[in-house]
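Comments concern the structure below.
No lab work stands behind these numbers, since they all come straight from the coordinates. In this text, all values refer to a predicted model and were calculated from it rather than measured experimentally. FYI the Cβ positions are ideal-geometry reconstructions off the backbone, even for glycines, and counts take in every protein chain you see.
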Amino acid sequence: MIQIIGTRKNGDTRKAERFFKERGVPYQFVDLTERPLSQGELQNISRSIPPGDLIDTESKEYVKRGMKYMEFDCIEELLEHPLLMKVPVVRWNRRAVNGIRTDTWKQWADEAKGAV
């Protein structure tokens with residue numbers, strides 16, 4: 001099943017949800033404000049997306065924490081502060097992408113519908 005990770009308030013996350021709803025593809029939604037990712041989940045995602053690319057340098061959390069001039073371990077920071085993640089993260093079959101990636105989503109949606 002396709003998994004969408006993000007927050008309900010994020011416009012790009014809502015676009016991802018709408019994309020799969022419109023195509024009739026079932027998905028699971030993980031709201032980072034309600035449930036942060038486990039270390040295992042984050043490590044699985046980082047196999048497809050480099051950890052540095054998972055940090056949203058434009059986020060309020062990034063600015064609030066003054067991280068622009070800090071050196072930090074991306075995985076540790078994301079585990080402690082999940083709202084630093086660049087969302088949406090869409091996962092399917094051990095693969096993951098973040099941001100708006102409609103070409104990839106369409107391919108996965110087609111594959112997911114064929115697998116049902």
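Taking Cβ atoms as reference points and 11 Å as the exclusive limit, the residues near residue 48 contribute a net charge of +3, counting Lys and Arg as +1 and Asp and Glu as -1. What you get for segment 2-115, charging only the Cβ of Lys and Arg (+1) and of Asp and Glu (-1), is a dipole of about 500 debye around the Cα centre. Of all the options 50, 82, 36, the one that moves most in a Gaussian network model of the chain with Cα springs shorter than 10 angstrom is 50.
Here segment 2-115 was treated as a single set of alpha-carbon atoms; its pair distances binned every 5 Å from 0 give 2, 11, 24, 24, 19, 11, 5, 2, 1, 0 percent.
Bridgeable lysines around residue 68 (alpha carbons under 18 Å apart, same-chain partners fewer than 8 residues away excluded): 60, 86. Would you look at the GNM of the chain, springs on alpha carbons closer than 10 Å, and say which of 31, 53, 103 moves the most? Residue with maximal mean-square fluctuation among 31, 53, 103: 103. Residue 3 sits among other residues whose Cβ lies under 10 Å from its own Cβ, and their net charge, with Lys and Arg +1 and Asp and Glu -1, is 0.
Please give the net charge around residue 114, taking every other residue with its beta carbon less than 14 angstrom from that of residue 114, where Lys and Arg add +1 and Asp and Glu add -1.
Values: positive: 23, 106, 113; negative: 110, 111.
Local net charge: +1.
Indicate the gyration tensor shape class of segment 1-52 (rounded, prolate or oblate), computed on the Cα atoms with a ≥ b ≥ c the square roots of the eigenvalues: a/c under 1.5 is rounded; otherwise a/b larger than b/c is prolate and the rest oblate. Verdict is prolate for segment 1-52.
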